[in-house]
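Structure, as structure tokens:
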Amino acid sequence: MAKSKKPKKGNLKTEKTKEKSNMEKPEIKINFSDEELLAYCGINCKECKSLSNRRLTLAKLFKESLEELPLDIFRKIVPIFKDVDTVLGFLTGFTQFMTYQTCCTASGFPCGKPDCEIRICVKEKGIRTCADCVDYVACTKLDFLKPHHVTLIQDLDEIKEKGVEKYIEGKIKPFKLQPISI
């Protein structure tokens, strides 16, 4: 079984963009390498439903739209605006979390949940993905992913059969992931 090379570090680019109010604001763009987009569990991050520029854009626009309102007045006279700060906090946290949180294997980024059982197990065993483990088919650590990634075991089988590099070459590289921007 061929071991994969360590993934290259992802690119974090900050670019200046003009806001409607003519104020400059940094725009965050993250471009992970194809190698970094193969998660420890074997999921191709390019297929992940949570990495959605559309969702991030909608959250950002909704937050900006709310902030244009006279919230100090609305909090007092419109009952549903009483907890608007919670909504604004959620929208801020959501865009930050969804921009930086992937299950990628990139070093130098806060990728994935640090205490993820799968991440810990793979790192402790010194392997690249669950496909390198003899127990992956029956592993209960993968159970929570299976309903959302119905081809997970088949993908791990393919990684085991072809090796990480060939899997990345055939399943990840051909599909372009748009850089995540907020």
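The values are calculated or read from the model by the stated rules, or taken from the named source; none is laboratory data. Note that the structure is predicted; figures quoted are calculated from it, not measured. Here the Cβ is made from the backbone with ideal geometry for all residues, glycine too, and neighbour counts use every protein chain on show.
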Exercise for the section: Would you mention how many residues in the range 52-84 are outside any helix (DSSP H, G or I) and either under 25 Å from the mean Cα position of the chain (by Cα) or hydroxyl-bearing (Ser, Thr, Tyr) (or both)? Expected result: 1
Practice task
Could you check, for the range 94-115, whether at least one of its residues is surrounded by 12 or more Cβ atoms within 10 Å (Cβ to Cβ) and modelled with pLDDT of 90 or more?
Solution key: no
Practice task
Kindly indicate the residue of the range 140-151 that is surrounded by fewer than 19 Cβ atoms within 10 Å (Cβ to Cβ) and in contact with a Cys (Cβ under 7 Å, 6 or more places away or on another chain) and also farthest from residue 36 (Cα to Cα) among those meeting that condition.
Solution key: 141
